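The values are calculated or read from the model by the stated rules, or taken from the named source; none is laboratory data. All values reported here derive from a predicted model rather than from experimental measurement. Don't worry about glycine lacking a Cβ; one is built from the backbone with ideal geometry, like all the others, and counts go over all protein chains shown. Surface accessibility is based on the protein's heavy atoms, side chains included, excluding ligands, DNA and RNA. Shrake-Rupley method; radii C 1.70, N 1.55, O 1.52, S 1.80 Å.
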Amino acid sequence: MRVLLVRPPVPRHTMGLKHVMICEPLELEYVAAGCVGHEVEILDLILERGYERRLRRFRPDVIGTSAYITGVNEAIRLCRIAKRWDPACLTVVGGVHAAGAPESFADPAVDCIVLGDGTTTMPEVLGAHAAGRPLATVPGLALPRGEAIVFSPPRPYMPDPDSLPFPRRDLVAHLQHRYYYLFHRPVALVKTTWGCWYRCNFCYTWRVTGGPAYSRSPESIAAELATIAAEDVYIVDDIFLIQPARLRRIAELLRERGIRKKYLVYGRSDFIAEHEDLIAEWAALGLTAVFIGLEAATDSELLSMEKRNTVRANREAIAVLRRHGIDVYGSLITQPDYLPGDWERLWTFIDENGLYYLNISPLTPLPGSPAWGALEEKLTVSPRAHGLFDLTHVLLPTRMPLRAYYRSLLRLYSRTCLDLARADRLTLRTRPPVWTRRYLRVWLGALKIGAQLAGAHRHHGPRELARAMDRGGHGS
């Protein structure tokens, strides 16, 4: 069978990192690797054009797509276009949002929704389709029935991760030079763990897998890294810096095999503060930057998020990483009740700790997270306006006027990231000199984000919300 796997484009209203990063469609590369014996192509509509032309040329029997919450409407639009092109074309949707909130994809143009690992489920879907068997016989699916869904028999979220094939990066080899994260270019993605050991109430990752985290062995990780040509590797686990024995074994294998990369990974600040010896070991192996969910500048806010962490640990972790020449990529969450004093306190925390790379997100309830049940009824926009659930739009009632809130967020970004003198003053391992093309290209992307933020309050009007909910006509 001919299978076309498509990454949806970024919705017009979605703001944030799309201007400073575009990474490879790893989830589709994994699905492609599982489709042994089938003819598979990947179309990345973030970088490529011509979806309908590809349909006519490739004539796929199956369309598969995957999206986070922001891309739900775009994924449905792709399925609707495919059904108009050929009603017999099977349309399949997957990904972490599909696993946690499959009802989002309930549409006549969507034939089935994969609830777990697509690498192993998709071949069974293809087999059932080829044999004319009902998809309801394939475990681990949600099947749209109008605006409702029914479920096939359950299955574990995924098998032993070491049993998965390596992702089919060859299918996007023509785009590899265009995949980047800030100054890491080109960059390859690696995933070593699905799920999370922690239970932060704003996150749904730990619920998607049904509770447990699924981790690959150090041997499997080292074997994949040995196949990757890119010097920069972004390990996209929600937490990579965890389980000291595992990290030491991976490090041992990297040294034995002479694998030398520049790594971007996620870690919790309390782990980093308590394991400086491991940080030093990984710095020697090429650890370049660590993403930390700092989240807040006060312990009371961290407690409200069930973060199980402290501001003191945040400060200590930043200091540890700086001692070993590792950049901090921090994330912060602003609360809807912020007033000018709260914004100033957050800026003081940023400035005192010398933070430059930051993602600052208004508190965003996401389906599947514990916060969703408590905050869904307070949303100021329809959950169908998926492009606004980008962790940058303000979706809850604020104490400040909405436009003033956005301006405060923009000012905080400007003081942090758009100050060239500040960037030049900070010693950042991953940053090229300020007055170079590489730096200015990313800085231009940051300016585009700033321009979006300046007009973001307009997205809350009826006309723009209607556009944000558009799915491209009728299903079939």
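Quick notes on this structure:
- Helical runs assigned H by DSSP (4 residues or longer) give the chain a calculated mean residue ellipticity at 222 nm of -11000 deg cm²/dmol, each run adding -39500 (n - 2.57) before division by the residue total.
- Set of aspartates and glutamates near LYS378 by C-alpha distance (under 15 Å), chain-local residues within fewer than 8 positions excluded: ASP337
- Stretchable slack from GLU39 to ALA374, in nm (0.36 nm times residue separation minus alpha-carbon distance): 116.1 nm
- Length added when fully stretched, ALA173-ARG145, from 0.36 nm per residue minus Cα-Cα: 6.3 nm
- Placing R0 at 35 angstrom, the Cβ-Cβ distance between ARG384 and ARG133 gives a FRET efficiency of 0.60 after rounding to 0.05.
- Once the chain from ALA466 to ARG308 is taken as fully extended at 0.36 nm per residue, the excess over their C-alpha distance is 53.0 nm.
- Label point distance in nm, ARG248-ARG199, each placed 7 Å from Cα along Cα→Cβ: 3.0
- Computed as a quarter of the hull surface, the mean projected area of the alpha carbon convex hull for the chain stands at 21.2 nm².
- Taking N as its residue count, the alpha carbon Rg of region 142-277 over 2.2 N^0.38 Å: 1.22
- DSSP beta bridge pairing in the chain, given as percent antiparallel to the nearest 5: 20
- Relative packing of 220-232, 146-158, which averages over residues the other C-beta atoms within 10 Å, highest first: 220-232, 146-158
- Top positive-direction residue, dipole computed over region 99-171 with Cβ charges, set PRO144, ALA109, ALA128: ALA128
- Taking region 366-401 and a reference point 7 angstrom along Cα→Cβ of ARG12, the backbone N atoms nearer than 14 Å belong to 387-388.
- Label-point separation in nm, LEU440 to ARG260, each point 7 Å along Cα→Cβ: 3.2
- Highest mean first, the peptides 322-329, 429-436, 99-106, 274-281 sorted by other C-beta atoms within 10 Å per residue fall in the order 99-106, 322-329, 274-281, 429-436.
- Accessible area in square angstrom per residue, region 340-476, 1.4 angstrom probe: 48
- For peptides 38-46, 234-242, sequence by mean Cβ density within 10 Å, most packed first: 234-242, 38-46
- Debye equation applied to the C-alpha atoms of region 53-163, log10 I(q)/I(0) at 0.09, 0.13, 0.14 Å⁻¹: -0.21, -0.44, -0.52
- In order along region 281-291, phi translates into HN-Hα couplings of 4, 6, 4, 5, 8, x, 5, 9, 8, 10, 7 Hz, rounded to whole numbers, per the Karplus curve 6.51 cos²θ - 1.76 cosθ + 1.60 with θ = phi - 60° and x for Gly and Pro.
- FRET efficiency, 1/(1 + (r/R0)^6) with R0 35 Å, evaluated for ARG403 and ALA319 via beta carbons: 0.40
- Fraction of the pair-distance distribution of region 210-328 above 22 Å, Cα-Cα pairs, percent: 35
- Charge context of PRO340, other residues only, Cβ under 13 angstrom, K/R +1, D/E -1: +1
- Think of region 11-92 as a dipole: +1 on every Lys or Arg Cβ, -1 on every Asp or Glu Cβ, centred on the Cα centre; then among GLY16, LEU43, LEU78, LEU78 lies furthest on the positive end.
- Size of charge dipole - region 226-323 - debye, nearest 20, with Cβ of Lys, Arg +1 and Asp, Glu -1, no other charges: 340
- A simple charge model with +1 on the Cβ of Lys and Arg, -1 on the Cβ of Asp and Glu and nothing else charged puts the dipole of region 155-268 at about 220 debye relative to its Cα centre.
- Listed cross-link partners LYS191/LYS262; LYS307/LYS448; LYS262/LYS307 are compared with a 23 Å cut-off, the Cα-Cα value being larger for LYS307/LYS448; LYS262/LYS307.
- Legend: calculated FRET efficiency, ALA284 to ASP337, from the Cβ-Cβ distance at R0 = 41 Å, rounded to 0.05, equals 0.40.
- Here each label is just a point 7 Å from Cα along the line to Cβ, and for TRP347 and ARG2 those points are 5.7 nm apart.
- Residues with amide H under 5 Å from that of ASN359, placed H, sequence gap 5 or more: GLY330, SER331, LEU332
- Per-residue 3J(HN,Hα) values for region 98-112, derived from phi via the Karplus relation 6.51 cos²θ - 1.76 cosθ + 1.60 with θ = phi - 60°, read 4, 5, x, 9, x, 4, 4, 9, 5, 7, x, 7, 9, 7, 7 Hz in sequence order (x marks Gly and Pro).
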